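Before any comments, here is the structure.
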Amino acid sequence: MWQTIRVTSASRSIGVMRGYTDSSYGDGFADVYDDWYADVTDVAATVALVTSLASESADSGAVPRVLELGVGTGRLAIPLAEAGVEVIGVDTSDEMLAVFEQRRAAASPEAADRSQAQRGDMAVDLPEGPFDVVLVAYNTLFNLLDADVQRACFAAVAERLAPAGRFVVEAIVPDPEAPSGTSVNVRSMAADRVVLSISDHRPDEQRTEGQFVELTESGGVRLRPWAIRWCAPAELDDMAAAAGLSLVSRTTDMAGAAWDDSADTHVSVYVRTTS
């Protein structure tokens, strides 16, 4: 049975927010992620798309292999394993990986055997391929906060794709009209709890950082920091081309809705152009 593998990788200090590291997001959100972001990334549509692409790439009779970057709680990986593919996930957060293991333990024995996760950076710590599909779900690529590191991720993925493998990237389309500066909003409020959303948007740096500040009557204050370095689809296409990948399809969502310049999300599928 596959197990969660711990890969030794120093946690680097990244970004502008003081004290923020590559595990800050996952450690801060692991206990609420499945609740707060249940509607992010259509699970059924993702499973259908990824299993279809992986089956097309896999050798006849072989079990398709999928690598998920930023696997988190296993919200996508375990359903993919239940659907019959082998899944390896990578994540920098021990807290996220602990939730992954809980979900894996509750899965069918077959899915548990077909899934594993390892601690590691998705730009430098990827397991050996080849993989029929590499998946990076909603905005997870943007958790890499430097353009060079994002390019390194594309290169690492290209090295591990099977000859007919696909790299599936799901992300927002940045709003060019979004103003720079800070904002404070109420995310949710109850009689004993309020969650404030504080963000700092810096278009010149293609960066947005923020904190969810959770105030509870019994638990005091909990901070949940986040940061992204976002890219427009054209920049992602350039990163892909530099890594020897080319765009084969772009839709608005995992279900395949047609994409155009007015869309605020995209699912881009890349294929290797070099052997």
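Derivation of every value follows stated rules applied to the coordinates shown; laboratory data play no part. It should be emphasised that the depicted structure is a prediction, and the values quoted were computed from it without experimental measurement. All Cβ positions, even for glycine, are placed from backbone atoms using ideal geometry, and neighbour counts span all protein chains on display.
Listing for the model above:
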quantity: Exposure proxy order (Cβ contacts within 10 Å, fewest to most) of Thr208, Thr273; calculated: Thr273, Thr208
quantity: Inter-label distance for Ala106 and Ser180, nm, one decimal - labels placed 7 Å from Cα along Cα-to-Cβ; calculated: 4.5 nm
quantity: Förster radius 30 Å - calculated FRET efficiency between Asp148 and Leu223, Cβ distance, rounded to 0.05; calculated: 0.55
quantity: Of Tyr270, Ala105, Phe167, farthest towards positive along the dipole that unit charges on Lys, Arg, Asp, Glu beta carbons give the chain; calculated: Ala105
quantity: Share, in percent, of DSSP beta bridges within the chain that are antiparallel, nearest 5; calculated: 70 percent
quantity: Amide H within-cut-off set for Val248, under 5 Å, with H built and near neighbours excluded; calculated: Val269, Tyr270, Val271
quantity: Cβ-defined net charge surrounding Leu196, 12 Å radius [Lys, Arg +1; Asp, Glu -1]; calculated: +3
quantity: Glu128-Ala191 FRET efficiency (beta carbon distance; Förster radius 41 Å; 0.05 resolution); calculated: 0.20
quantity: Convex hull of Cα atoms in segment 123-275, direction-averaged projection (nm²); calculated: 11.1 nm²
quantity: Whole-Hz couplings from phi, Karplus 6.51/-1.76/1.60, listed for segment 222-237; x for Gly and Pro; calculated: 10, 9, 10, x, 8, 7, 9, 10, 8, 9, 6, x, 4, 5, 4, 4
quantity: Distance (nanometres) between label positions extended 7 Å along Cα→Cβ at Val40 and Ala255; calculated: 2.0 nm
quantity: Theoretical ellipticity at 222 nm over the chain - DSSP helices of four or more residues, -39500 (n - 2.57) apiece, nearest 500; calculated: -7500 deg cm²/dmol
quantity: Angle in degrees between helix 147-160 and the longest Cα principal axis of the chain, rounded to the nearest 10; calculated: 30 degrees
quantity: Dipole magnitude of the chain about its Cα centre (Cβ charges: Lys, Arg +1; Asp, Glu -1), debye to nearest 20; calculated: 420 debye
quantity: For the chain: span of alpha carbons on each principal axis (Å, largest first); calculated: 57, 42, 37
